[in-house]
Amino acid sequence: MSTELTAVPDVFDPRQYAAGVPHDRYRILRDRCPVAWQNEPRVLDWSAGPGFWAVTRHQDVVRVLRDSATYSSYLGATQIRDPDPDDLPFIRRMMLNQDPSAHGRLRRMVSRAFTPRRVERFESLVRHRARTLLATAMDRAGDSDGICDLVPAVTDDYALLNLADLLGVPESDRGLLLHWTQRVIGYQDPEEAAALTLGPDGKPVNPRSPAMLRDMFGYARDLAAHKRRVPADDIMTTLATDPELTAPELEMFFFLLTVAGNDTVRGAAPGGLLAFAEHPDEYRRFREGDAPISTTVDELLRHHPPVLTFRRTAAKDTILANRTIRAGDKVVVFHASANHDERVFADPHRLDLSRSPNPHVSFGDGPHVCLGAHFARLQLRVLYEEFRDVWPAPPEPAGAPRRLVSNFINGLKSVPVHVPSTR
């Protein structure tokens with residue numbers, strides 16, 4: 001195997017993602033070694049790991065995501081890096097890191113709060129927010145140098161404030177949601193992490209460890225107590241008043257919804273707007289009504305999935321794409337690679353806002369398919385519709401986008417564009 005490994009491109013190092021998703025490397029893996037062993041060296045002060053299998057073809061990614069009996073979310077959780085063994089029992093309490101039937105029970109419970117009917121009621125609020133953020137950003141740019149950075153000016157606040165409304169977080173506390181998200185999601189990025197918290201052994205402390213989540217969980221308990229006293233039409237009220245949900249489960253739900261609920265849209269929305277800038281002909285088709293909004297949203301999600309990878313652990317010896325995988329091996333699916341698999345998508349690197357069918361895996365597949373996909377699609381649909389109404393021509397880049405250093409989240413930190421002089 002060692003001879004073969006020298007020809008296998010690395011898709012682990014999070015630093016390479018700051019330059020863009022490594023689609024050239026993904027294609028080599030899909031064509032030559034669709035289930036490829038990846039080394040896991042020490043990077044950015046994080047200790048080396050044992051390595052993992054990278055799964056890059058669409059059919060194999062779907063197979064892994066659907067077969068929870070073979071590929072477990074529970075055994076080693078769902079991040080590439082192995083958690084500290086002392087933290088693993090704690091991390092396993094999250095629904096994301098469970099297998100059926102425990103996962104199914106929690107999913108059914110939270111589904112009662114996260115219903116399409118409740119989400120749909122937010123559409124008018126979301127539309128007003130998108131319209132206001134875009135207008136404010138354009139006015140401020142017009143008053144200065146004519147350049148608007150769509151991430152801090154529009155998409156960050158859009159995702160954060162929508163989630164806060166859905167959860168029922170008071171306006172005065174909403175900055176906390178962004179702080180917690182950046183801490184958990186941006187820990188691989190030196191800019192986002194700023195200064196890593198070090199443990200007694202001098203090694204970085206995992207941002208998902210109990211010690212690093214203590215303040216978030218304390219807030220979740222206080223908010224739940226408030227919702228029991230003063231109920232409202234929001235998700236935290238529903239969860240806090242559910243007699244079947246334990247206090248630790250509620251805390252984990254708050255963590256999951258805060259981080260995943262925010263960063264799904266926070267990652268996808270600027271990716272879609274950047275695609276408009278990079279593919280002006282497709283944006284014109286969208287503005288002229290030649291590309292339906294439903295297929296537009298899905299194609300932009302395929303093109304720029306918010307999540308790059310998820311990890312499973314083999315529960316037993318198995319074979320995948322002619323590779324022998326041993327029980328205990330880490331198996332990591334690569335969503336952006338699956339979404340650009342030539343075996344499934346014709347001309348996959350061409351943005352086609354009318355593409356149909358479009359079986360992308362940007363929201364996952366199988367029992368762990370994203371619970372908030374309906375809410376995310378609604379937000380993206382509304383944002384793109386409102387952007388289309390105020391941006392008469394394809395957005396013109398005003399500099400290179402800046403990307404998150406992460407092999408997990410397909411994040412954009414900056415998307416500067418010129419604001420049109422006439423609207």
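Just a few scattered comments:
- Model label zone, N322; criterion: amide N under 18 Å from point 7 Å along Cα-to-beta-carbon; scope the range 43-80: 54-61
- Of the residues K413, K316, K330, the one with the largest accessible area comes first in the ranking K316, K413, K330, computed with a 1.4 Å probe on protein heavy atoms.
- In terms of the mean number of neighbouring beta-carbon atoms within 10 Å, the peptides 224-231, 66-73 order highest first as 66-73, 224-231.
- For the chain, the solvent-accessible area works out to 41 Å² per residue, with a probe of 1.4 Å and every protein chain left in place.
- Accessible surface of the chain, 1.4 Å probe: 52 percent of it comes from carbon and sulfur atoms.
- D242/D215 FRET efficiency (R0 35 Å; Cβ-Cβ; nearest 0.05): 0.90
- Exposed loop sites are taken as GluC sites (Glu not before Pro) in a DSSP loop (any state but H, G, I, E or B) with at most 15 other beta carbon atoms within 10 Å; the longest stretch of the chain without one runs 1-243.
- Centre separation in Å (Cα based) which lies between the range 111-190 and the range 298-331: 31 Å
- J(HN,Hα) series, the range 23-30, from Karplus relation 6.51 cos²θ - 1.76 cosθ + 1.60, nearest Hz, glycine and proline x: 5, 5, 6, 4, 5, 4, 5, 4
- When only alpha carbons are used to place a centre, the range 214-276 and the range 375-423 end up 25 Å from one another.
- Rounded if a/c under 1.5, otherwise prolate or oblate - the range 1-160, Cα gyration tensor axes: oblate
- Among 127-134, 392-399, sorting by the average number of other beta carbon atoms lying within 10 angstrom of each residue, highest first, gives 127-134, 392-399.
- Amide H contacts of G76 (H built 1.01 Å from N, under 5 Å, at least 5 apart or other chain): T313
- Candidates per trypsin sites (Lys or Arg not before Pro) in the range 343-378, loop by DSSP, up to 14 other Cβ within 10 Å: R343, R350
- Per-bin percent of Cα-Cα distances, the chain [20 Å]: 26, 59, 15, 0
- Residue-averaged 222 nm ellipticity for the chain, from DSSP H runs of 4+ at -39500 (n - 2.57), nearest 500: -13500 deg cm²/dmol
- Near E40, the amide H atoms lying under 5 Å from its own belong to G49, G51; only residues 5 or more places off or on other chains count, and H is placed 1.01 Å from N.
- Cα gyration tensor shape of the range 3-59, rounded if a/c is under 1.5, else prolate or oblate by comparing a/b with b/c: oblate
- Stokes-Einstein D (µm²/s) once Rh is taken as the Kirkwood radius of the range 265-423 over alpha-carbon pairs, at 20 °C in 1.002 mPa s: 126 µm²/s
- Under 18 Å of direct C-alpha separation, and excluding same-chain neighbours fewer than eight residues apart, K227 reaches these aspartates and glutamates: D165, E171, D173, D242, E244, E249, E251.
- What you get for the chain, charging only the Cβ of Lys and Arg (+1) and of Asp and Glu (-1), is a dipole of about 940 debye around the Cα centre.
The values are calculated or read from the model by the stated rules, or taken from the named source; none is laboratory data. Note that this is a predicted model, so its numbers are computed, not measured. Note that each Cβ is placed from the backbone with ideal geometry, even for glycine, and that neighbours are counted across all protein chains shown. Heads up: the accessible areas ignore ligands, DNA and RNA and are worked out on the full protein's heavy atoms, side chains in. Shrake-Rupley method; radii C 1.70, N 1.55, O 1.52, S 1.80 Å.
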